[in-house]
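Read the structure below first, then the notes.
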Amino acid sequence: MGLGSQAIATVPRGAACAVVTNAKPTRSFHFALLPGFTLLAFSSAVEPLRIANQLSQLPLYRWTVVSEAGGPVESSSGIVVETAAIAKDLDDAESLLVCGGIQPGARNAPRIAAAVTRHLRHGGTVGGVCTGAFLLAKAGLLGQRRFTLHWENQAGFAERFPDLSPTGARFEIDGPVMTCGGGAAATDMMLAIIAQDYGTEFAATVSDMCLRSATTAGSDGQRGSLSARMAMRKPVLVEIIRLMAANLEDPMSMDQLAARAGYSRRHLERMFDSAFGEAPGQYYLGLRLDHARKLLCDTEMTLMQISQATGFTSVAHFSRCFKKRFGRSPSKLMGYASTLPPVALATLAAARDTGV
């Protein structure tokens, strides 16, 4: 059972129009906001639905904004969105999307998790926006499915759910489960849904209204490919950096990297100095420390575990290198909760005790 009159199916007037002659029954979306949700990802998912209604001058889509208990929910930018309490049951034809954001592992939302599980079991469509996949994974809904989440949080996700492998795609639609990396990828995912419902031409017009030059495929990567970002540099650098990124826990030596690349160590050092102004070992160290920072932010791993996961032989060495790169010790970063507002602190404490 949906939320009825609390749902929004606004059809604003606008100068642009696109005729829809095959209008279907209004399709409903419920956006479940977790504390600290990313406002950009949420609005990027909602706005294509609004634009589709506006262009067609028909209520093609309606949406409801819900949360664990209803009331105001603060986004990561501090902007507050008013929500209704999530309904116990939804109509099978409705879609329920969980909108996550910063500190995804610290969000405990048992009512939302139960609703998502129940809705999928009863034949409904569910999904995760930005880091919403954390909650879906905790609920056990991502096994044997393609899914994704924001690239920034994939390292922490992998540590928390080692048996699940998110893709690097902007969005994934695998049967009744849809996920996206957040940001503009939320728009891409909704455009794909609109295209399924009303054709690619109509979806392209919605995309034009979003000032997007082209509709982006879900299979496109979330970040510009390494080779594209280094187009003016030697392809061998791309391969070496990929090797580094694939071997963070057990770092390869410079001699091993040079041998894999087919160059001398001295030549490898000259290439990195020319491209980045630093030695390959220093670049490799930076990759490992950047990975460690993600684990600090997205997991509850100990400093010992993180130092081992990023190839350091001791916590002391790891801490010294970390402080040199980021200006503060890793233990200080782990204390980020002291800066959070009271509501977030309470949520974080509950999560550490009980779950998601």
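A few notes on this one:
- Cβ-Cβ under 9 Å pairs, at least 6 apart or on other chains, segment 67-82 side under 17 Å from residue 30 (Cβ atoms), far side charged (D, E, K, R) and surrounded by fewer than 12 Cβ atoms within 10 Å (Cβ to Cβ): 70/82; 71/82; 73/82
- Entry remark, segment 109-126: residues being open to solvent by less than 50 Å² (accessible area, probe 1.4 Å), under 19 Å from residue 35 (Cβ atoms) and in contact with a helix residue (DSSP H, G or I) (Cβ under 9 Å, 6 or more places away or on another chain) number 4 in total.
- Residue 298 meets all of the listed conditions (1) among the charged types (D, E, K, R); (2) open to solvent by less than 50 Å² (accessible area, probe 1.4 Å); (3) modelled with pLDDT of 90 or more but one, namely (3).
- Helices (runs of 4 or more DSSP H) wholly inside segment 138-217 containing at least 1 residues that are buried (at least 19 other Cβ atoms within 10 Å of the Cβ) and modelled with pLDDT of 95 or more: 184-198, 200-209
- Test: residue in segment 267-282 that is under 29 Å from the mean Cα position of the chain (by Cα) and surrounded by fewer than 19 Cβ atoms within 10 Å (Cβ to Cβ): yes
- Total residues in segment 247-258, condition assigned to a helix (DSSP H, G or I) and open to solvent by less than 80 Å² (accessible area, probe 1.4 Å): 3
- Scanning segment 17-44 for residues that are under 14 Å from residue 203 (Cα atoms) and open to solvent by less than 40 Å² (accessible area, probe 1.4 Å), we see that the one that is modelled with the highest pLDDT is 20.
- Residue ID - modelled with the highest pLDDT, chosen from residues in segment 246-261 that are of a type in the set (Gly, Ala, Ser) and out of contact with any Leu (no Cβ under 6 Å at 6 or more places or on another chain): 253
- Selected residue (only one of 53, 108 is part of a helix (DSSP H, G or I), under 18 Å from residue 31 (Cα atoms) and of a type in the set (S, T, N, Q)): 53
- Hits in segment 218-243 (condition: at pLDDT 90 or above and either touching a Pro at 6+ places or on another chain (Cβ under 8 Å) or closer than 25 Å to residue 179 by Cβ (or both)): 240
- Complete set of residues in segment 233-246 that are farther than 13 Å from residue 283 by Cβ and either open to solvent by 30 Å² or more (accessible area, probe 1.4 Å) or in contact (Cβ under 8 Å) with a residue 40 or more places away in the chain (or both): 234, 235, 239, 246
- Residue within segment 59-70 that is farther than 16 Å from residue 203 by Cβ, open to solvent by 10 Å² or more (accessible area, probe 1.4 Å), assigned to a strand (DSSP E or B) and basic (Lys, Arg) present: yes
The values are calculated or read from the model by the stated rules, or taken from the named source; none is laboratory data. Note that this is a predicted model, so its numbers are computed, not measured. FYI the Cβ positions are ideal-geometry reconstructions off the backbone, even for glycines, and counts take in every protein chain you see. The accessibility values were calculated without ligands, DNA or RNA, using every heavy atom of the protein model including side chains. Shrake-Rupley method; radii C 1.70, N 1.55, O 1.52, S 1.80 Å.
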